[in-house]
Amino acid sequence: MNARWCSAACLLLLALLAVATTLAWQRFTAEPIAQASRQWQERQWLAVLPPGSYDNQPLQTPLALADTSLRHSRLLAGYRATLGGSPTAILLHNRFQGYGGAIEMVIAIDTHGRLAGMRVLEQQESPGLGDQLADPARHWLDQFIGRAHEGTPEQAWAIKRDQGAFDQLAGATVTSRAVIEAIQDALRYFDDHREALLDEARP
Amino acid sequence: MSRFWLVMISLAPLLGATRTIVQAIAISLCACLLTGLHQALMAPLRSHLAQGASLWASALLTATLVTCLHLGLRAWALPLAEQLALYPLLLALPCLACEQLLPQTHRYRQLCRGLGGLLVASLALGICRQVLADDLGLHIATLAPGALILLGLLLGLYNHLRPSTTSPRRLGSR
């Protein structure tokens, strides 16, 4: 009986120690984790901009966006990158429905309304098919770079199967359509809200 | 016990987190650190605890260690932690299994052999996957099923090349 009590006391002590250690460690690492995830997010997001094209910290100053529900997607946030005080690009964070779930992308648009770069932040597409969207080796997203909403006719914003101008990801028609529609949405939004986004009203 | 018993127990992290050489080194070092610390901390406790209580103690210790490792990785090596995803947490299973499976005699020798086997297997897997995926463009090597096939091939190769310690009589050939 005595041995059993000893064992139970030991176990209780160990449990208390374990919980205390975990909590202390969590408190100790909270600040480094917050800092690291901020840096990580910044690196993910700003990778869409060409290096040297901005000298502010765009993510620190989110823009106030009006009517964020677009035709096929929803804008979550917008940021302005500036170089020497004049805007060089707008970052739009949008979310839309893919094949397997919601896709989140950050899309960079330069001051002429052309697509400067984009990156997939979140996706749950089929492994090996739709998820090649996020594979940097595939370069599928590169075909949209430099496209503007103005220069491309409305019906060209589609995959070739739908008489459009763009290649699709093999085996991922739904994903391809969703991405193209979201990009078109973002570019159209930029054209419609150009003054507000670039702050052109104020000289 | 076979030399690769620990490999079989930690199959999920081994297949999931060996996409590149860096990942493979990181996950196997995590496994060594976790199981080593766990065994070292359990050693003084064993004499004080009854059979059932020692299982609870082992689970508590594992949970603490794994949580601390996970938080530490996120704090000081976030890019690596993002690549490894949740696989370091799954290393809790080999930790728990080690405590139950290791024999009383030659405990630490068996543990070192197991960890050595795990280290070699994950390094080999990491190198093969990186070479196959990046240099030869074999997409399946980046996915977990490809890793399982590759691990099977590597173990088969090892068994083929290893000098046999079993007598030919027991193998069925005279």
Subset tally (residues that are within 14 Å of chain B (Cβ to nearest Cβ) and free of Cβ contacts under 8 Å to residues at least 24 places away in the same chain) for the stretch A:20-76
24
Pairing a residue in the stretch B:24-48 that is within 16 Å of B:T64 (Cα to Cα) with any residue that is assigned to a loop (DSSP other than H, G, I, E, B) and of a type in the set (A, V, I, L, M), where Cβ atoms lie under 7 Å and the two sit 6 or more apart in sequence or on different chains, gives B:C30/B:L91; B:A31/B:L91; B:L34/B:L91
Complete set of residues in the stretch B:79-89 that are at the interface with chain A (Cβ under 10 Å from one of its Cβ atoms) and crowded, with 20+ Cβ neighbours inside 10 Å
B:A81
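Would you check which residues across the stretch A:118-129 are of a type outside the set (V, I, T) and at pLDDT 85 or above and list them?
Initially, the stretch A:118-129 is screened for residues of a type outside the set (V, I, T), giving A:118-119, A:121-129.
Hits for the stretch A:118-129 are A:M118, A:R119, A:L121, A:E122, A:Q123, A:Q124, A:E125, A:S126, A:L129.
Somewhere in the stretch A:155-164, is a residue within 20 Å of the chain's Cα centre (by Cα) and over 20 Å from A:G100 (Cα atoms)? Even if it seems obvious, please write down each step before you answer.
First, pick out the residues of the stretch A:155-164 that are within 20 Å of the chain's Cα centre (by Cα): none.
No: zero hits.
Can you name every residue in the stretch B:1-50 that is in contact with a Lys or Arg (Cβ under 7 Å, 6 or more places away or on another chain) and either of a type outside the set (S, T, N, Q) or assigned to a helix (DSSP H, G or I) (or both)? Steps first, answer last, please.
Taking the stretch B:1-50 as the starting set, the residues that turn out to be in contact with a Lys or Arg (Cβ under 7 Å, 6 or more places away or on another chain) are B:3, B:18-19, B:50.
Result: B:R3, B:R19, B:A50.
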Filter the stretch A:10-19 down to the residues that are at the interface with chain B (Cβ under 9 Å from one of its Cβ atoms) and either within 19 Å of the chain's Cα centre (by Cα) or among the aliphatic types (A, V, I, L, M) (or both) and list them by number.
A:L11, A:L14, A:A15, A:L17, A:A18, A:V19
Entirely in the stretch B:69-174, the helices (runs of 4 or more DSSP H) that have 2 or more residues that are within 18 Å of the chain's Cα centre (by Cα) and modelled with pLDDT of 90 or more:
B:78-84, B:87-90, B:92-101, B:107-130, B:144-161
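The values are calculated or read from the model by the stated rules, or taken from the named source; none is laboratory data. None of the values given here were measured: they were computed from a predicted structure. FYI the Cβ positions are ideal-geometry reconstructions off the backbone, even for glycines, and counts take in every protein chain you see.
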